[in-house]
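J.: Take this structure first; my questions come after.
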Amino acid sequence: MDIVILTALGVGGATMFGAAIGFIFKKLSHAFSDIILSFAAGVMLAASVLGLILPSIEYGGEKGIIVTVAGIFVGAVTISLVDKLVPHLHKFASDKIEGGNGKTKVDKVILFVLAIAIHNLPEGIAAGVGFGSGNTGDALMIAGSIALQNIPEGMVIIAPMLAAGISSKKTFICALLTGVVEVVGTFLGYFAVSVASAILPFALSFAGGTMLYVISDEMIPETHSDGYEKGATYALLVGFCLILVSDVLLG
């Protein structure tokens with residue numbers, strides 16, 4: 001249980017680490033942001049397949065493949081429905097602080113931060129589900145990949161909030177809350193599969209489906225929208241292969 005607590009704090013703390021970088025470097029280049037986010041996408045892609053989807057198949061057996069596939073699609077549809085209610089990063093990439101008066105800008109930024117917080121919940125659940133499976137190695141891989149993705153996400157919160165006239169203190173609190181949501185999600189995922197182990201194959205694939213959706217629908221489009229798609233593509237491959245090699249060497 002101690003490692004779950006530490007991991008939950010680490011996953012949530014990664015957002016704060018990214019926010020701290022955002023405070024220090026308020027104007028990071030698009031090229032740098034895209035490469036870092038793409039690397040994180042590659043890490044998440046490998047972790048979702050190796051740490052969530054394949055274990056789901058193993059726990060469910062041959063007949064459980066239907067459960068795994070169903071879980072992937074239910075996870076993806078769930079995030080898609082959340083997206084319709086609160087659009088995430090790529091919906092705000094071009095206009096998160098543009099246009100309107102000061103109040104309009106603040107409203108846009110608050111919605112932007114709220115979107116990140118809401119999306120952090122299923123990401124936290126994915127980390128918690130990994131620990132619920134009992135495979136600490138896979139769980140740490142999943143949590144690490146999510147934490148890595150949270151760093152650039154924490155970075156992008158800061159600049160639009162400060163530009164909209166929100167104080168540094170309130171900006172910090174908002175960033176903190178997005179991280180807290182992920183900590184809560186981690187514990188929810190862990191306790192859910194611990195209490196009802198029968199749902200483990202579905203829970204694993206559901207978490208994998210949410211991660212796959214976020215990668216394809218949000219992270220990749222975001223990193224291919226400013227002319228740095230070649231570097232972003234190779235960064236994704238590096239991230240994917242890093243987890244692949246680590247899994248083989250440590251497995």
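J.: Which condition number does residue 200 fail, the rest of (1) open to solvent by less than 10 Å² (accessible area, probe 1.4 Å); (2) closer than 24 Å to residue 66 by Cβ being met?
T.: Exception for residue 200: condition (1).
J.: Scan the range 208-235 for residues that are farther than 19 Å from residue 124 by Cβ, part of a helix (DSSP H, G or I) and open to solvent by 30 Å² or more (accessible area, probe 1.4 Å) and jot them down.
T.: Once the filter is applied, which keeps residues that are farther than 19 Å from residue 124 by Cβ, part of a helix (DSSP H, G or I) and open to solvent by 30 Å² or more (accessible area, probe 1.4 Å), the range 208-235 yields 216, 220, 221, 222, 229, 230, 231, 233, 234.
J.: Scan the range 174-196 for residues that are open to solvent by less than 50 Å² (accessible area, probe 1.4 Å) and not hydrophobic (A, V, I, L, M, F, W, C) and jot them down.
T.: 178, 179, 182, 185, 186, 189, 190
J.: Could you please give the count of residues in the range 130-148 that are over 14 Å from residue 44 (Cα atoms), part of a helix (DSSP H, G or I) and either among the polar types (S, T, N, Q) or modelled with pLDDT of 80 or more (or both)?
T.: The initial filter retains those residues of the range 130-148 that are over 14 Å from residue 44 (Cα atoms), namely 131-137.
In the following step, the residues that additionally are part of a helix (DSSP H, G or I) were identified as 131-132, 136-137.
Subsequent filtering for residues that are either among the polar types (S, T, N, Q) or modelled with pLDDT of 80 or more (or both) retains 136.
Residues that pass the stated criteria total 1.
J.: Test residue 154 against the criterion of being at pLDDT 80 or above, crowded, with 21+ Cβ neighbours inside 10 Å, touching a Ser or Thr at 6+ places or on another chain (Cβ under 6 Å) and within 25 Å of residue 236 (Cα to Cα), and give yes or no. Explain how you work it out, then say what you get.
T.: Values: at pLDDT 80 or above: no; crowded, with 21+ Cβ neighbours inside 10 Å: yes; touching a Ser or Thr at 6+ places or on another chain (Cβ under 6 Å): yes; within 25 Å of residue 236 (Cα to Cα): yes.
No; evaluated as a whole, the condition is false for this residue.
J.: Among the candidates 45, 37, which residue alone is touching a Phe, Trp or Tyr at 6+ places or on another chain (Cβ under 8 Å) and either touching a residue at least 40 places away in the same chain (Cβ under 8 Å) or crowded, with 18+ Cβ neighbours inside 10 Å (or both)? If you could, list the steps in order and put the result at the bottom.
T.: Numbers: 37 fails: touching a Phe, Trp or Tyr at 6+ places or on another chain (Cβ under 8 Å).
Checking each option against the conditions leaves just 45.
The values are calculated or read from the model by the stated rules, or taken from the named source; none is laboratory data. It should be emphasised that the depicted structure is a prediction, and the values quoted were computed from it without experimental measurement. So basically every Cβ, Gly included, is an ideal-geometry build from the backbone, and we count neighbours across all protein chains shown. Each accessible area value is taken on the protein alone, full model and side chains, heavy atoms only, with ligands, DNA and RNA left out. Shrake-Rupley method; radii C 1.70, N 1.55, O 1.52, S 1.80 Å.
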